[in-house]
Amino acid sequence: SLAFFVGNIYEAGVANLDRFFLYHPWLWAFLAPAAGARLWAEERRQGTIELLLTWPISVWQVAVGKFLAAWLFLATALFITLPIAFTIGYLGDPDVGVIISGYLGSLLCAGACLGIASIASALTRNQVIAFVTGFLACFLLVLIGYGVFDEFIGGLFSRTIIEEVRRLGLWRNLEPFTLGLVDLRPFAYFLTLSFGGLGLSTIIIERR
């Protein structure tokens, strides 16, 4: 993969990671549900969730701990790619701020996908079902904003509605980070999915 992105640098004549971050929503759409499938589904299948709920801590605290552990795992996977950024810096003169912004956006994107995956895991005892459900939901959010999606719904809704729907896409909200742009809306989008998913999954577990 390193050779692939280095080749793109020479082809484009610009030292940046735009194309590198382009694939991250697709990556998290797979990895986040894989990491999140075990958050609650395995506990419910083995019957250990009842034991967890008897501990002198709240369900919310357990949920936050599980979520942060899974997010840390995804962050580790992301930071393994840092040699690519260092190579870009060696070969050219990239904007370090833009690269840092891109990594931050990718990490937030991972958290958003994990929030969705946590809901899927809380709804079932089966890890496979939890993974597939989480993956399909994340895949849909990745697909939003791409040409094939616009063509599919183009004849059904007005352009105004389509544009509003596109704002829900993962890449649409990650792109400003990859360009080094400061915009609170993508922050709010990713954090809403992350902590909204965490909160909703906690409510589901408490009521079951």
Residues of region 41-86 classified as under 22 Å from the mean Cα position of the chain (by Cα), of a type in the set (Val, Ile, Thr) and at pLDDT below 90, total: 3
Some residue of region 91-105 being over 22 Å from VAL182 (Cα atoms) and not basic (Lys, Arg): yes
Per-region count, region 74-97, residues closer than 24 Å to LEU141 by Cβ and surrounded by 13 or more Cβ atoms within 10 Å (Cβ to Cβ): 5
Lone qualifier among PHE5, PHE20 - being surrounded by 11 or more Cβ atoms within 10 Å (Cβ to Cβ) and modelled with pLDDT of 70 or more: PHE20
Residues (among the aromatic types (Phe, Trp, Tyr), surrounded by fewer than 19 Cβ atoms within 10 Å (Cβ to Cβ) and either touching a residue at least 60 places away in the same chain (Cβ under 8 Å) or assigned to a loop (DSSP other than H, G, I, E, B) (or both)) located in region 40-73: TRP55, TRP60
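The values are calculated or read from the model by the stated rules, or taken from the named source; none is laboratory data. Just so it is clear, the structure is predicted and the values come from calculations on it, not from any experiment. In this analysis, Cβ positions are derived from the backbone assuming ideal geometry, glycine residues included, and neighbour counts consider all displayed protein chains.
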